[in-house]
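Before any comments, here is the structure.
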Amino acid sequence: MWRVTLTVAIALLAGCTGFLPAGPTVDDGDPVTPAPVPTSSPDATVTVPTSDGAVDVDRLLDRHERALATRSFHRRIVRDGPHNTLDVWVDRDADVRRVRQQFGPLTDDTVVSNGTAYHNVRDDPNTPYTTTNITGNASLTDSPSGRAVLELLLANRTYRQVGTFTWNGRPVAVLAPTATSDTTPAAANESVVVTSRLYVDRQGIVRYVEHDEKRPQAQDLSLEMTVSTDVERVPIPWWLAENDPYSSGST
């Protein structure tokens with residue numbers, strides 16, 4: 001089975017694109033989701049899996065992954081730096097998927113539909129994309145749900161639920177690590193979390209993440225991740241407009 005194995009999540013955290021350069025794409029009109037502004041809601045009750053009072057990370061991520069396995073969604077990561085974004089769209093009903101990463105002036109963009117992967121190519125207006133036939137449950141990333149990113153952020157740290165709020169009309173549990181920059185690291189070469197918050201809804205979906213980390217042995221990490229499940233269709237880029245998978249003749 002042919003499989004696209006773009007390890008975008010790990011590449012993004014490592015500070016490199018993880019993609020081959022591709023041609024420029026116009027903005028799809030999908031604005032960056034602003035940071036959440038929670039409102040106090042004593043009636044909002046959300047529980048997360050715990051063990052000995054701490055968040056059970058494996059069970060938390062299992063719930064997140066299972067909840068998105070049957071839903072259409074849009075997941076976005078914005079990392080500190082200009083035009084450093086990763087977007088993953090999944091339309092379960094129409095079986096259309098898309099992954100787009102922008103890193104400075106470079107964009108890598110791939111759409112999968114009806115057994116074909118369309119990949120945007122660079123500097124060729126006559127042939128704006130190449131195609132590859134795929135079979136089986138091929139994925140554009142090793143972790144469409146973002147589990148790989150979350151595992152790296154949460155690794156070797158203890159998180160606890162610090163509150164419950166209503167955000168965008170949805171009750172969410174707020175998780176935070178037990179140690180931040182107020183705590184002296186055990187070794188000079190250890191990373192230190194300055195800020196880290198996860199917002200988890202009743203279905204187990206990690207809806208929002210903000211994470212700032214100082215890393216002595218690597219580039220400092222500052223990112224936000226949002227997950228939306230109100231997706232009606234994947235935005236089709238300009239370079240695939242004439243072969244739009246949502247048009248009657250393309251699916």
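Roughly how many nanometres apart are two label points built 7 Å out from the Cα toward the Cβ at Asn156 and Gln219?
Distance between label points: 2.1 nm.
Full-extension gain between Thr130 and Arg170, please, as 0.36 nm times their residue separation minus the C-alpha to C-alpha distance. Let's see the in-between values first.
Values: separation 40, 0.36 × 40 = 14.40 nm, distance 4.10 nm.
Taking Thr130 through Arg170 to full extension adds about 10.3 nm, to one decimal.
Order of 196-208, 102-114, 220-232, 151-163 by packing, highest average Cβ count within 10 Å first? All intermediate terms of the calculation are to be shown ahead of the outcome.
Numbers: 196-208: 21.5, 102-114: 19.5, 220-232: 17.5, 151-163: 15.1.
Highest mean packing first, the order is 196-208, 102-114, 220-232, 151-163.
Where a number appears in this text, it was derived from the coordinates with a stated rule and is not lab data. Values in this document were obtained by computation on a predicted structure and should not be read as measured data. Virtual Cβ from ideal backbone geometry, glycine too; neighbours counted across all protein chains shown.
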